[in-house]
Amino acid sequence: MSRRPYEPGPTPEEVAAAVTTNRCDGRITVSVTGEIDIATAPLLAEALEEALSDGVTRIEADLSGVSFCDCSGLNVLLGAARHARAHGRTLRVAGVRSPQVRRLFELTGTPMITTEDPASAPGPP
């Protein structure tokens, strides 16, 4: 029996989410990088709440830098989308590149909040 040496995974600092907000052409884009989970979802929630209170009608959540999202992050996105609709605004998710995140949306039936055409999305590897 051979043993492989222990190789540690990424540190929490390397996978923690970073959230930035940009306002352009009457739209606010909330860009996220890293992982969205129970520990980092509040960062996304806070940024989306601020965007929704800004008064713009279009908000985009750019997940192109997200490598992982669990149900905590999905819940934040769905809650923000409901809030936006209730106030006559739109929230769209864009840039989903991670196969894991795409699969989460597919399994939960939530691709309707993405701006991407599901037919043009790449399939599983």
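The values are calculated or read from the model by the stated rules, or taken from the named source; none is laboratory data. None of these values were measured; they are calculated from a predicted model. Here Cβ is always computed from backbone atoms with ideal geometry, including for glycine, and neighbour counts include all displayed protein chains.
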(message) Quick check on my filter: what residues within region 35-53 are closer than 13 Å to residue 90 by Cβ and part of a loop (DSSP other than H, G, I, E, B)?
(response) none
(message) Looking only at region 1-29, filter to residues that are of a type outside the set (S, T, N, Q) and assigned to a strand (DSSP E or B); which one of those is modelled with the lowest pLDDT?
(response) 16
(message) Just to be sure I understand the filter: pairs with C-beta atoms under 8 Å, separated by 6 or more residues or on different chains, first member in region 57-86 and touching a residue at least 60 places away in the same chain (Cβ under 8 Å), second member surrounded by fewer than 16 Cβ atoms within 10 Å (Cβ to Cβ). Which pairs pass?
(response) none
(message) I want to confirm something. Restricting to region 100-125 and keeping residues that are at pLDDT below 60 and of a type in the set (Asp, Glu), which single residue is nearest to residue 29 (Cα to Cα)?
(response) 116
(message) What's the total number of residues in region 45-91 that are under 12 Å from the mean Cα position of the chain (by Cα), farther than 15 Å from residue 110 by Cβ and not aromatic (Phe, Trp, Tyr)?
(response) 8
(message) Residues to consider are 96, 32, 56, 76; find the one that is buried (at least 19 other Cβ atoms within 10 Å of the Cβ) and in a loop (DSSP other than H, G, I, E, B).
(response) 96
